[in-house]
Amino acid sequence: MRRVLTLSVLLLPRVAAAQSTIKAPGDRPSYVLELEPHASLGLFDPPGRWAGGDGLGAGGRAAFEIVDVGFVPTINDSVAIGVGADIVHYAGGGGDPRGTCSRYAAGPAGTNVCVEIARAGGASTYVFVPVVMQWNFWLARRWSVFGEPGLSVYWSDVGGAGVAPVVDVGGRFHVTERVTLTLRLGYPVVTLGVSFLL
């Protein structure tokens, strides 16, 4: 038993190295378009002052590969431009959808006027339309990771429109060469879906 364990420990790094593709530029599926339907989770308060709480919804992304050998020519990386849409309903924290007042000032005829909102209040539905640069790293036959900086135009049913930053990191588990399970962690939404490399 001890010999088997010792042999396993000695061979494991070699097996892992044999499966690694990060130091082999271009050793990955060739594709032009990645399509990804996904579930969307709002784990952070959305941008603006109109809503709060957790959010749940759905969306999709399309990423168009623009550089098949990325910014570092000695590793297996690529660059794509991603666009998408997410519809997320936020449950809110209750109360007024305009928010909770944190400071009042004296108004006419002895009334109080809210002059500062502390936090978002009620439920709201948001539509996010992100545009990102996707930098992919193809680590192994079954695994790839990516980072996505960008911007998202958004619209809220109780507040209006605006622009928010997008900061995502994600990973793919390659079920087959062209189908992956994809997890994206970031702001404004977290997503979990299936990607198709076409």
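Throughout, read-outs are computed from the coordinates displayed, never taken from laboratory work. If you're wondering where the values come from, they're calculated on a predicted model, not measured in any experiment. Counting neighbours? That spans all protein chains shown, and the Cβs are built from the backbone with ideal geometry, glycine included.
Here are a few things to note about the model shown:
- For ASP54, residues with placed amide H under 5 Å, excluding near neighbours: ALA91, GLY92
- This model, with +1 at the C-beta of Lys and Arg and -1 at the C-beta of Asp and Glu, gives region 127-198 a dipole about its Cα centre of some 340 debye.
- Full extension of the chain segment joining LEU185 with LEU198 gains 2.3 nm, where the gain is 0.36 nm per residue of separation less the Cα-Cα distance.
- Karplus 3J(HN,Hα) series, Hz, for region 79-86 with 6.51 cos²θ - 1.76 cosθ + 1.60 (x for Gly, Pro): 10, 9, 10, x, 9, x, 8, 9
- Segment GLU116-LEU56, extension gain: residue separation times 0.36 nm, minus the distance between their alpha carbons: 18.8 nm
- Measuring r between the beta carbons of VAL167 and LEU35 and using R0 = 25 Å, the FRET efficiency lands at 0.65.
- Residue order, fewest to most surrounding Cβ atoms within 10 angstrom, among GLU36, GLU177: GLU177, GLU36
- Residues whose placed amide H lies under 5 Å from that of CYS101, excluding near-sequence neighbours: ALA118
- Residue-by-residue Karplus 3J(HN,Hα) for region 148-156, coefficients 6.51, -1.76, 1.60, Hz, glycine and proline x: 9, x, x, 10, 10, 7, 9, 9, 10
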